[in-house]
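The values are calculated or read from the model by the stated rules, or taken from the named source; none is laboratory data. Computed from a predicted model, the values in this text were never measured in an experiment. Cβ placement follows ideal geometry from the backbone for every residue including glycine, while neighbour counts extend to all protein chains displayed.
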Amino acid sequence: MTPKVTRTCARCGQAFALSRARVGSPYASFCSNECITAHKVQLAHLRSSDLERLFGDHLREAGLAFVAQYPLGPYVVDLAFPQVRLLVEVDGEAYHSSPQAQARDDRKEQLAAAEGWRFLRIPQFVIERHPQEAVRTVVEAYLSS
Ligand SMILES: [Zn+2]
């Protein structure tokens with residue numbers, strides 16, 4: 001029989017029994033796979049909003065004015081440049097992978113096109129690893145209107 005220790009889940013706050021074998025292992029402070037998943041989703045979300053903020057700073061430095069979290073019908077778009085009717089969305093890996101998320105992105109893009117916007121998607125990893133390239137892509141789209 002594996003001895004257990006009692007812990008309080010870092011996500012839901014419930015007490016749970018943790019086998020001593022798992023003490024010190026990744027996610028040992030969570031009671032269940034559900035709580036681990038919820039924690040990962042929250043982390044991914046925090047990470048992507050930090051990244052958007054950073055990207056926004058780069059764009060402002062490049063002299064572009066934009067509106068963040070722009071409402072478009074029932075949707076919200078990461079960045080909008082209303083003067084040139086350009087929308088920019090940061091494609092986070094964690095958030096845009098499920099078929100439902102993909103379908104929602106497609107509908108968003110169709111609505112944008114129907115209302116006369118151009119729609120530009122920039123993968124999160126490009127912003128992370130090549131921020132100047134991502135800025136240049138937006139600047140080019142901005143100037144080509
Ligand atoms: Zn829990």
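Overview of values
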item	result
Test result for R60, exposed (fewer than 12 other Cβ atoms within 10 Å of the Cβ) and among the basic types (K, R)	yes
Per-region count, the range 69-111, residues modelled with pLDDT under 90 and surrounded by 17 or more Cβ atoms within 10 Å (Cβ to Cβ)	5
Qualifying residue in the range 125-144 (condition: of a type in the set (S, T, Y) and outside any helix (DSSP H, G or I))	yes
Entirely in the range 1-111, the strands (runs of 3 or more DSSP E) that have 2 or more residues that are assigned by TED's automatic domain parsing to the domain that holds A134, at positive phi and within 16 Å of the ligand (Cβ to nearest atom)	none
Every residue from the range 1-28 that is of a type in the set (A, V, I, L, M, F, W, C) and over 21 Å from K40 (Cα atoms)	M1, V5, A17, A21
